[in-house]
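Note sheet for the following structure.
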Amino acid sequence: MQESDKVRISESNGADESISGEVKLGLGFKINQRVHTVGDPRRIGTVKYIGPVEGYSGTWVGVDWDNGDGKHNGSINGVTYFEAKGEKSGSFVRPQNLSPGISFLEALELRYRGDSTKEEEDEMYVLSARNKRVAVQLVGKNKVQDKLSRLEDLVGASLSYLGVSSVGSPGQISAVVPNLKELDLTGNLLSEWTDVGAICEELAALEVLSLTHNYMADDVTELPLLKNIRVLVLNNCCLTWTQVEVLKQSLPSVEELHLMGNNLKNITPASSNYVQGFDSLRLLNLEDNCLAMWDEILKLSQLRRLEQLHLNKNNLNHIFYPEYDPKHDMVNDSEPAERFVRPFGNLHCLLLGVNNIADLASVDSLNYFPNLTDIRLSENPIADTGKGGIPRFMLIARLEKVEILNGSEVDIKTLSILNFLFCRYVRFVMTKMQDKLEEIKQLHPRFIELKKKHGIEDEKPSTGAAGPQKMSSGLLSITLKCVGASIGEKKPTTKKLPATTTVGKLKVLCESFFQLKSIKLKLFLQEEGSPLPLLLDNEMASLMELGVGNEATILVGVEIPGLYLPVPGRANTTAEALAALEAFRLAKDLQFGKVN
């Protein structure tokens, strides 16, 4: 090295150093090795460069940090040393400030036989009434620690974020933890599948393994047969589906496979149009990926035992059930049709939350899945009334077999409420699309079924001088009843109103009909068979849009801040008032899909 290359620089800790002679490359590190900052095992990155940096003395390690918390993209002073994944995810670090990690057994000793650090103990506190920290002392702490320190008795171990990077001496793991069944290795420095295989081979009883946030190498071919693994968690491991296809050869018994956050855009089967194998797989978690086309998901439709498919937080905008004809469909050109089974035949849980689904056809297609009962559609435009979607009760009405919707059981407390929801759905359709049977069948496939099931008849025509008059004339016969002691005794009145009358306009009319001045009104729809009235609080919505039918009854009440008394003609007891408040809260929630 020339004299000009010997440069004195200031380290981040303020100490000056001068390194002369040949640059010592390596220093125990290698390219693509996983490392963490000394003293902070959660700050993990990948070595991308080892060597000199122009203008600075000595050897530097270029690291691309997982959390993106760096200083540059691998270039400094116009010179590119490596390519970081982000504009600010790379930095140069002195070798002595990086840790290559520890072995599996060292991590076990540290976690289960080491003493608590002062930092850990300092974090064990509660806040007093004066917002001061009060230390927490665990009762039985020594007894628990003594039990955990007997490693041979451990059946579950969590070694998350301890910097595990290697197996250690062969044969020792099986002797130290022979009964281990569940192992969490989240956030460590493992990257080679051979190391994972070596750990699993020594743990004969292991059934559950989590490798979340370990960036695994592309080469999966060296992984041995893991015949006892039932649950494998590979979230945020930078996997491709090609690697998954290789992995399945080593996982004959896997029942749950979690692949969240792997940036998956495509599902690429190894040898046919559909993913084959995974003969024991019941749950596949593909949440938080980049899947946008439902055609990619259909490649999973031949997984015969698949019961749960998690697709939350993807980019799906349309779903459909594939045509099924076993006489013509083939898995590939060489496989007979009898190998092809009904798509998603055993699937009973499909989670589609936080996607871009906005069309009713996607919702209706869920009825074709033969055993689908648990569905999530929350945080999609179709389920958001603020974005033109439909409320919960309409989703329930459209989904024939649904038992759980958006994580809540469709276990409505009484049959009368269930009938109320369905009848309201049918009335909404009847009022809005009168005499358009073919269009109704297309837009509301379950309309005729629900109408017949709940015994709802067509609107009866009224006869006048001009002969029979149908609802299509646009006028509704509405009975208005005043309720609440503060209004006083008012006789009910029946009026013919246009179906396009808005709630706001109807309030103004009620003020005139009942001579109510300077009173803020509340309107409720009372339907036959309904256990409670329905709050009409959208001033811009029309009677037709709200599903108000002919000969309906609307209750007119007074808005009292915090309370509304709905029993006509007398004041309520406190208990009745509280019950009424809860009833109308429920009514509002029913309208906007917040309760079952």
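The values are calculated or read from the model by the stated rules, or taken from the named source; none is laboratory data. What you see is a predicted model, and the numbers here were worked out from it, not measured in a lab. Cβ coordinates were reconstructed from backbone atoms using ideal geometry, including for glycine residues, and neighbour counts include every protein chain displayed. Keep in mind that these areas ignore ligands, DNA and RNA; they rest on the heavy atoms of the full protein, side chains included. Shrake-Rupley method; radii C 1.70, N 1.55, O 1.52, S 1.80 Å.
Take residue 281 and tell me if it is under 22 Å from residue 227 (Cα atoms) and either open to solvent by less than 10 Å² (accessible area, probe 1.4 Å) or outside any loop (DSSP other than H, G, I, E, B) (or both).
Details: under 22 Å from residue 227 (Cα atoms): yes; either open to solvent by less than 10 Å² (accessible area, probe 1.4 Å) or outside any loop (DSSP other than H, G, I, E, B) (or both): yes.
Answer is yes for this residue.
With the condition kept exactly as written, say whether any residue in segment 496-516 is modelled with pLDDT of 80 or more and touching a Phe, Trp or Tyr at 6+ places or on another chain (Cβ under 9 Å).
No, there is no match, as no residue in segment 496-516 is modelled with pLDDT of 80 or more and touching a Phe, Trp or Tyr at 6+ places or on another chain (Cβ under 9 Å).
Considering only segment 61-91, how many residues are buried (at least 19 other Cβ atoms within 10 Å of the Cβ) and touching a His at 6+ places or on another chain (Cβ under 9 Å)?
Within segment 61-91, residues that are buried (at least 19 other Cβ atoms within 10 Å of the Cβ) and touching a His at 6+ places or on another chain (Cβ under 9 Å) number 5.
Hey, any hits in segment 199-212 for a residue that's open to solvent by 30 Å² or more (accessible area, probe 1.4 Å), within 22 Å of the chain's Cα centre (by Cα) and within 20 Å of residue 165 (Cβ to Cβ)?
There is no residue in segment 199-212 that is open to solvent by 30 Å² or more (accessible area, probe 1.4 Å), within 22 Å of the chain's Cα centre (by Cα) and within 20 Å of residue 165 (Cβ to Cβ).
Yes or no: residue 247 more than 28 Å from residue 307 (Cα to Cα) and crowded, with 16+ Cβ neighbours inside 10 Å?
Spelling it out, it is not the case that residue 247 is more than 28 Å from residue 307 (Cα to Cα) and crowded, with 16+ Cβ neighbours inside 10 Å.
Among the residues of segment 178-193, are any aliphatic (A, V, I, L, M) and surrounded by fewer than 21 Cβ atoms within 10 Å (Cβ to Cβ)?
So far as segment 178-193 goes, no, none of its residues is aliphatic (A, V, I, L, M) and surrounded by fewer than 21 Cβ atoms within 10 Å (Cβ to Cβ).
What are the pairs with Cβ atoms under 9 angstrom where one residue, in segment 437-449, is closer than 15 Å to residue 363 by Cβ and the other, located anywhere, is at pLDDT 70 or above and of a type in the set (Asp, Glu)? Sequence gap at least six, or different chains.
Qualifying pairs under 9 Å: 444/364; 445/364; 446/364; 446/400.
Of (1) at pLDDT below 95; (2) under 24 Å from residue 450 (Cα atoms), residue 330 satisfies all except one. Which?
(2)
Only one of these conditions is not met by residue 307: (1) open to solvent by less than 50 Å² (accessible area, probe 1.4 Å); (2) within 24 Å of residue 355 (Cβ to Cβ); (3) in contact with a strand residue (DSSP E or B) (Cβ under 8 Å, 6 or more places away or on another chain). Which number is it?
Unmet condition: (1).
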